[in-house]
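One structure is given below, encoded as structure tokens.
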Amino acid sequence: MKTLHITHNGQPNQFIVSKKQVSKNKVLKTSVLYDKIESSANTSLGFYPDASHFSCNNIEFDQLNNAYLNDKLVIKNNIKKLSTTEIIFNITVSKKEEKQQHLICTAIFGYTIQKAC
């Protein structure tokens, strides 16, 4: 099995919650959070050299806390499982400035790898 190291230029994916991304209560919309996580997972797939096509077959999404306007959030992707047929990412979203990790969300994205013919 090959070892796969995933980095985003050595930095985790980060973003600051903006006005367009929050509800009237200044809480980050769940759909925006999900889109950010999905985008991060899809970016990580680009680092896998041997596959020509991925098919998403498993998604778990658990929002633990709310994020608010101007919060700085960090998305970290870790490979939970990697084989010749699938890749599973364990993804966490947390506030950047917290000395203790303040989790906003955890997610698992699983993909089936289809080899090129």
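The values are calculated or read from the model by the stated rules, or taken from the named source; none is laboratory data. Fair warning: this is a prediction, and the values are worked out from it, not measured in the lab. When we count neighbours, we look across all protein chains shown, and the Cβ atoms used for this are built from the backbone with ideal geometry, even at glycine.
A few notes on this one:
- In the range 52-63, the residues that are touching a residue at least 60 places away in the same chain (Cβ under 8 Å) form Cβ pairs under 8 Å with partners that are loosely packed, with under 11 Cβ neighbours inside 10 Å, at six or more places apart or across chains, as follows: 52/115; 52/116; 53/116.
- Some residue of the range 86-106 being over 20 Å from residue 22 (Cβ atoms), out of contact with any Asp or Glu (no Cβ under 8 Å at 6 or more places or on another chain) and hydroxyl-bearing (Ser, Thr, Tyr): yes
- Top-ranked residue of the range 84-101 - restricted to ones that are modelled with pLDDT of 90 or more and of a type outside the set (S, T, N, Q), ranked as surrounded by the most Cβ atoms within 10 Å (Cβ to Cβ): 93
- Selection within the range 1-32: residues that are surrounded by fewer than 10 Cβ atoms within 10 Å (Cβ to Cβ) and within 19 Å of the chain's Cα centre (by Cα). The member of this set that is modelled with the highest pLDDT is 31.
- Hits in the range 64-75 (condition: touching a Ser or Thr at 6+ places or on another chain (Cβ under 9 Å), surrounded by fewer than 17 Cβ atoms within 10 Å (Cβ to Cβ) and closer than 19 Å to residue 13 by Cβ): 64, 70
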